[in-house]
Amino acid sequence: MSSEQTPAAPETAEPRPRRLTYAAALVALEGLTLVVGGVWMLVLGITGDPDDRQQAVTGGITLLVLALLPLLAARGLLGLRGWSRGPAVITQIMALPVAYNLLQADSMAIPAGIALAAVAIASLVLLVNGETTRALGIRGPGRTSE
């Protein structure tokens, strides 16, 4: 291959900030957790003896579909796609009430609620960070390109 066929990387391209990589990893972790939970519900619904088999299968499929949002957002964040920050932030905002409900339980769900709240808050902080915003090419409202 000649140098004409392989595009050279732009000299002004900046590397992906670590904060953005960490945010993508946390968002992907949430997506993978939803996948595991969905598969677990499906397997228990199909092979186990749930109170309502249809509800268990529906819940498992719902979790698998919900996992697509954070997984796609994480992939977009790693690819420095500006559109990906919105779904990632929405995922974190949706996780906070879930974490609150887990914290209200009198069971083993309390540690899960603490972990979910910590991941959601850390992800939000990383996603709204100025360095992350600049790397994704997001400008504030009314700002023209500089």
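The values are calculated or read from the model by the stated rules, or taken from the named source; none is laboratory data. Everything quoted here is computed from the prediction, not taken from an experiment. A quick note on method: Cβ atoms are made from the backbone with ideal geometry, for glycine too, and the neighbour counts reach across all protein chains shown. Areas reflect the complete protein model, heavy atoms only, side chains present, ligands, DNA and RNA absent. Shrake-Rupley method; radii C 1.70, N 1.55, O 1.52, S 1.80 Å.
Any chance region 13-28 includes a residue that's of a type in the set (Val, Ile, Thr) and in contact (Cβ under 8 Å) with a residue 40 or more places away in the chain?
Our first condition is that a residue be of a type in the set (Val, Ile, Thr); within region 13-28, this holds for 21, 27.
Now narrow it down to the ones that are in contact (Cβ under 8 Å) with a residue 40 or more places away in the chain: 21, 27.
There is at least one residue in region 13-28 that is of a type in the set (Val, Ile, Thr) and in contact (Cβ under 8 Å) with a residue 40 or more places away in the chain.
Please go through region 123-134 and pick out each residue that is under 22 Å from Asn101 (Cα atoms) and open to solvent by 50 Å² or more (accessible area, probe 1.4 Å). Of everything in region 123-134, just one residue is under 22 Å from Asn101 (Cα atoms) and open to solvent by 50 Å² or more (accessible area, probe 1.4 Å), namely Val125.
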